[in-house]
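Quick note: the coordinates plus some simple rules give every number you see, no bench work behind them. Here the structure is a predicted model, which means the values were calculated and not measured. Using ideal geometry, Cβ is built from the backbone for each residue, glycine included, and neighbour counts are taken over all protein chains shown.
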Amino acid sequence: MQHAVQNNTPTPGVALYTATIFLSAALVFAVQPMLGKMLLPLVGGSPSGWLTALAFFQVTLLAGYLVAHLLSRLTARVQMAVTLGLLALGGLMLPPQVTAGAAEDVGNIGQVLLLLTQSIGIPYLALTTVSSGLQRLYAAQRGGQGGDPYFLYAASNAGSFIGLLTYPVLVEPFLPLSVQSQAWMWIYALLLGLIGALLLRPVRQDEAAVQRQPVEKAVISGRQRLNWVVLAFIPSSLSMGLTALITADMGSVPLFWVVPLGLYLLTFVIA
């Protein structure tokens, strides 16, 4: 009985892990409406500008998940060290900004995507790899104490939802874009410091043994994989369709941008 109690006792640093993942997710989704608003003077008030930006962020998010998957072949600590290096590289592109001098160059979807890539591509890609990497590092640092890191997944989704929702309510009405961009950059720098602190935490002696344990891989059929793709495609498609309808009928402003995406994220928090 005493052994069971010890296994369920949280290890030091749980709050730090939770705060770090929450912060990374909030940055991922707070920057979306901010960049969308920066684009407005260049692409006009048509819904296509935000829809193009939304597509860019979704594709880059998927690419970030692929990068995290590839990095998972490394040990948890090395994976997060590489992620930290990628974040530092992305920091060279900050603060995020869309220059007014590029207005005459933004005439089609491809040019908008290129502009967004130049403005936030690497930092955003790096941010999307943080959550899964930190969950893995947390599990490894627990060693043989049991438990799982999936409460951190809930913290990530909550951070996404709150970061997105606070932009039109607390940020956009009160701060100019230049201040928003600078604030986002400094919070990004704080995130790097938090991740560095987690990497410096003492390594449990049994962590290496845990990472060497063979992992039994389930056999997944091609049909099952296709089913997952289709199921993931449907809500994303519906979300973008609803966004197109709202922004066309009511206006292309951040308050209306975040409603469908916020509801979409809220379902992940609940689930």
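I'd like the FRET efficiency for Ala197 and Ala244, computed as 1/(1 + (r/R0)^6) with the beta carbon distance as r and R0 of 45 Å, rounded to 0.05.
0.60
Figure the gain on full extension for Thr117 and Ser72 (residue separation times 0.36 nm, minus the Cα-Cα span) and round it to one decimal in nm.
Fully extending the segment from Thr117 to Ser72 adds 13.7 nm.
Using 0.36 nm times the number of residues separating Ser221 and Ser178, minus their current alpha carbon distance, what extension gain do you get?
Extending this stretch completely gives an extra 10.5 nm.
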